[in-house]
1. Would you point out which residue out of 48, 83 is surrounded by 12 or more Cβ atoms within 10 Å (Cβ to Cβ) and at pLDDT 85 or above?
2. Take the conditions open to solvent by less than 80 Å² (accessible area, probe 1.4 Å), at pLDDT 85 or above and either part of a helix (DSSP H, G or I) or out of contact with any Ser or Thr (no Cβ under 9 Å at 6 or more places or on another chain) (or both) and apply them to residue 73. Does it pass?
3. Read through the list (1) surrounded by 13 or more Cβ atoms within 10 Å (Cβ to Cβ); (2) of a type in the set (Lys, Arg); (3) at pLDDT below 90, then give the number of the only condition that residue 55 fails.
4. What number of residues in segment 8-24 are open to solvent by 90 Å² or more (accessible area, probe 1.4 Å), among the aliphatic types (A, V, I, L, M) and either farther than 16 Å from residue 63 by Cα or in contact (Cβ under 8 Å) with a residue 24 or more places away in the chain (or both)?
5. Can you tell me how many residues within segment 10-46 are of a type outside the set (A, V, I, L, M), part of a helix (DSSP H, G or I) and out of contact with any Phe, Trp or Tyr (no Cβ under 8 Å at 6 or more places or on another chain)?
Amino acid sequence: MTSETHENHQVNYMAIFWWLLALTILEVIAGSPATGPKYPQALKAFFLVGMAAVKAALVALYFMHLRFDRKALSFIAFIPLVLCIFVVLVVLPDF
């Protein structure tokens, strides 16, 4: 039986939480029509999707521990994102 070595990683989960909270507050401010800045809808959507992608990456890397797993597991989590982007780009001309 082979012995596996597990490294002890120290992650500041509270720092990640505060980043997630700050991004959520920014999303609410940017997305609300009354208090948010007056930008074109496409730019607003770009910023909201970008902030959501950063939040998803933080959750996946730290709370799902993908940052400390093998690279193969990261590819398994990354492939659906690539497929989703591909499907959106393929369907985009229909709009």
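1. Numbers: 83 fails: surrounded by 12 or more Cβ atoms within 10 Å (Cβ to Cβ).
When all the criteria are applied, what remains is 48.
2. No; evaluated as a whole, the condition is false for this residue.
3. (3)
4. Result for segment 8-24: 0.
5. Kept after step one, since they are of a type outside the set (A, V, I, L, M), are these residues of segment 10-46: 10, 12-13, 17-19, 24, 27, 31-33, 35-41, 44, 46.
Of the ones still in play, those that are also part of a helix (DSSP H, G or I) are 13, 17-19, 24, 27, 31, 41, 44, 46.
Cutting the leftovers down to out of contact with any Phe, Trp or Tyr (no Cβ under 8 Å at 6 or more places or on another chain) gives us 17-19, 24, 27, 31, 41, 44, 46.
So the answer is 9.
The values are calculated or read from the model by the stated rules, or taken from the named source; none is laboratory data. Since we're looking at a predicted model, the values are computed, not measured. Quick reminder, even Gly has a Cβ in these numbers, built from the backbone with ideal geometry, and neighbours come from all protein chains shown. Heavy atoms of the whole protein, side chains included, go into the accessibility calculation; ligands, DNA and RNA do not. Shrake-Rupley method; radii C 1.70, N 1.55, O 1.52, S 1.80 Å.
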